[in-house]
Amino acid sequence: MYKIPASTLFVGKNLHFLPECASTNTYLMDLSRRQPQPEGTLVITPNQTAGRGQRTTSWVSEPGQNLTFSLALKPRFLQAQQQFLLSQAVAVALYDCLQSLIHGLIRVKWPNDILLNGKKVCGILIENQLAGSQLETSVVGIGLNVNQQHFPIPTATSLAAEAGQEFDLQRVLNVLCTHLEARYLQLKKMAFEAVVNDYLRVLHWRNEAHFFIAKGQHIAGTILGVDEAGRLMVETSGRTEVFDLKEITYLA
Ligand code: BTN
């Protein structure tokens, strides 16, 4: 069971707790289709049995150990081509939240994986519905590894694994909801530049020389930032190239 966060205006005020569910994103999208939900509606479960990740991957989370939830937003003030701003605002909110809870190096790996000490601690899956050229509703799905100690892959971690102490899930949820709301309201008042600058400041590998596989080729390059469409901008061989998610892989 979770309590409604006390420190927010609308995020989490309509809270659906499900003891178990396949995917909170799918549940919230189905629910909203049947009956429109107020902005800020949150669906949370301690046991997500068929969690979905980006690019048709799955998201696996040990029951009762982590936060797996989805948040309904109505960012009608954004054009469809501005949708990456929402992704940036959510990623920066995660950064703000972790920064206030833990010591460690927190970075956003493009487009919106959250790394803690170089390992993935949180995944974000945003599913948008458009009305013409505007965003209509967004379901923001967040999987934040909090108390899980063992992972099937060495590139994943949790707050507890890094801090050496357990965290209270309700407290982490409250802090996260507060930051999600603050960053969303920043977007809503059109402070886009502040959100983008904060995202760039914490972008993993930005302004560092690294190796990548880009469009099938091994390249050396330096991440400069992202363009408005959310594509990664990389300087390579003296020129700037832009890449979609499918077109570039980071090498160690
Ligand atoms: C990723 O691939 O990194 C994104 C993972 C997103 C997982 C969260 S958990 C809550 C919500 N419900 C889902 O089915 N997926 C998201």
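With both labels modelled 7 Å from their Cα along Cα-to-Cβ, the Ile153 to Asp30 distance reads 2.6 nm. Over the chain, DSSP H runs of length four or greater, each weighted -39,500 (n - 2.57), average out per residue to a 222 nm ellipticity of -8000 deg cm²/dmol. Taking amide H atoms as placed 1.01 Å from N in the peptide plane, the amide H of Leu203 lies under 5 Å from those of Val108, each 5 or more residues away in sequence or on another chain.
Taking the Cβ of Asp198 as the center, what net charge do the other residues with Cβ under 12 Å away carry, scoring Lys and Arg +1 and Asp and Glu -1? Could you put the intermediate results ahead of the total?
Details: positive: Arg183, Arg201; negative: Asp96, Glu193.
Residues near Asp198 contribute 0 overall.
Each residue of segment 131-142 was assigned a 3J(HN,Hα) from its phi angle through the Karplus curve 6.51 cos²θ - 1.76 cosθ + 1.60 (θ = phi - 60°); the sequence is 10, x, 9, 10, 6, 10, 10, 10, 10, 9, x, 10 Hz, with glycine and proline shown as x. If one puts a single equal scatterer on every Cα of the chain and applies the Debye formula without solvent, what log₁₀ I(q)/I(0) results at q = 0.07, 0.08, 0.09 Å⁻¹? Listed by q, the Debye log ratios stand at -0.23, -0.30, -0.38.
Each Lys or Arg adds one and each Asp or Glu subtracts one; over the other residues with Cβ under 13 Å from the Cβ of Glu181, this totals +2. In the chain, the DSSP beta bridges split such that about 85 percent are antiparallel, to the nearest 5.
Summing charges over neighbours of Ser158, with a neighbour being any other residue whose Cβ is under 12 Å away from its Cβ, gives -1 when K and R count +1 and D and E count -1. Within the same chain, lysines fewer than 8 places from Lys74 are excluded, and of the rest, those with a Cα less than 21 Å from its Cα are Lys13, Lys188, Lys189. Here the residues Lys215, Lys120, Lys246, ranked from fewest to most Cβ neighbours within 10 Å of their Cβ, fall in the order Lys246, Lys215, Lys120.
Only Lys, Arg, Asp and Glu carry charge here, each on its Cβ (+1 for the first two, -1 for the last two); on that basis the chain has a dipole of about 260 debye about its Cα centre.
In this label model, Ala194 and Ser133 are separated by 2.7 nm, measuring between points 7 Å along each Cα→Cβ vector.
Each residue of segment 186-195 was assigned a 3J(HN,Hα) from its phi angle through the Karplus expression (A = 6.51, B = -1.76, C = 1.60, θ = phi - 60°), giving 5, 5, 5, 8, 6, 7, 5, 4, 5, 5 Hz with x at Gly and Pro.
Taken one residue at a time, the phi angles of segment 225-233 give Karplus couplings (6.51, -1.76, 1.60, θ = phi - 60°) of x, 10, 8, 5, 7, x, 7, 7, 9 Hz. Gly and Pro are set to x.
Every number here is computed from the coordinates shown, using simple stated rules; none is lab data. The model shown is predicted, which means the values in this text are computed figures rather than measured ones. For neighbour counting, all protein chains shown are included, and Cβ atoms are generated from backbone atoms with ideal geometry for every residue, glycine included.
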